[in-house]
Amino acid sequence: VFDEAEANTPRAREALGMILSLVRSMSSDSESGIVKGSGAGVAKSYNLRSCFAFSSIGLGTAQASDTSRMSVLSLHASRAADAISKWEETSKLMAGLISDEYVDAFQSRTIAMVSVIAENTAVFGRAVRSVLGDQRLGDQLGPLLAGAYSLSSDKVITDADALTWVGQH
């Protein structure tokens, strides 16, 4: 998780560019890895896979290859008359729900479901490709949808149900 991932200066752009390069290298499911030499002259290869979350005021990417690998979630201020009271209500709900025990249980359940989530990632990826006709988008949204679906089910979803689910959303 990177908070304040702005690239306002040349040095910050270079640093963010290096991080995005690492993200790019982790975004494919190939066997290629990162190779580093050691002080003893021995090469070590690492096959990295990870998920990143960046928060910033503005989108800090310039390359289409980066933006096509990211899902951007934007927050907008509510203009509703009851916005402040709704936010206070939501804040109280979160404070009452998200305890250390809740987080531990949520993480444990997710880890226990990793094989189901992995299977659902492939199923949702196929469904997105079928509905939207975009392989890369299927690869990007499949894990997000599998994670979202895991909040309401601990089962492997069928292809037909995934197509319906994607179509509804």
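The values are calculated or read from the model by the stated rules, or taken from the named source; none is laboratory data. Just so it is clear, the structure is predicted and the values come from calculations on it, not from any experiment. All Cβ positions, glycine included, derive from the backbone under ideal geometry; neighbour counts span all protein chains shown. Just the protein is used for accessible areas: all its heavy atoms, side chains included, with ligands, DNA and RNA removed. Shrake-Rupley method; radii C 1.70, N 1.55, O 1.52, S 1.80 Å.
In percent, how large is the relative contact order of the chain, given Cα pairs closer than 8 Å and 6 or more residues apart?
Numbers: 139 pairs, mean separation 29.3, N = 169.
Reported as a whole number, the value is 17 percent.
Using a 1.4 Å probe on the protein heavy atoms only, what accessible surface does T9 show? Give it in Å² to the nearest 10.
70
Take N8 and W87, extend 7 Å from each Cα along the Cα→Cβ direction, and tell me the distance between the two endpoints in nm.
Roughly 2.1 nm, to one decimal.
Using the Cα atoms as the points, what is the convex hull volume per residue of the range 74-113 in Å³?
Output value, Cα hull per residue: 90 Å³.
Per 0.36 nm of contour for each residue apart, how much would the distance between I111 and V1 grow if the chain were fully extended, relative to their Cα-Cα spacing?
37.7 nm
As a test of the definition: which semi-axes, in Å, follow for the range 113-169 when you take the square root of five times each eigenvalue of its alpha carbon gyration tensor? Largest first, please.
Each semi-axis is √(5λ); the values are 17, 11, 9 Å.
Could you state the accessible area per residue of the chain in Å², with a 1.4 Å probe and every protein chain left in place?
73
Stretched out fully, how many nm does the piece from L48 to S74 gain, at 0.36 nm a residue minus the Cα gap?
Extending this stretch completely gives an extra 6.6 nm.
Given 0.36 nm per residue, what is the gain on full extension from L22 to L97 after removing their alpha carbon distance, in nm?
23.5 nm
Whole-Hz Karplus ³J(HN,Hα) for the range 120-127, in order, using 6.51 cos²θ - 1.76 cosθ + 1.60 and θ = phi - 60°, x for Gly and Pro?
5, 4, 5, 5, 5, x, 5, 5
For a quick check of understanding: with a 1.4 angstrom probe and all protein chains in place, what accessible area in square angstrom does K44 have, to the nearest ten?
Counting only protein heavy atoms, K44 exposes about 110 Å² to solvent.
For the range 96-108, in order, what is each residue's ³J(HN,Hα) by Karplus, 6.51 cos²θ - 1.76 cosθ + 1.60 with θ = phi - 60°, in whole Hz (x at glycine and Pro)?
So the Karplus estimates, Gly and Pro as x, are x, 9, 8, 9, 4, 5, 4, 4, 4, 5, 4, 5, 4 Hz.
Please list, ordered by chain and number, the residues whose modelled amide H lies under 5 Å from the amide H of F54; skip anything fewer than 5 residues away on the same chain.
HN-HN under 5 Å from F54: F2.
Rounded to the nearest whole Å³, what is the per residue volume of the convex hull around the Cα atoms of the range 52-169?
Given the Cα convex hull of the range 52-169, per-residue volume reads 152 Å³.
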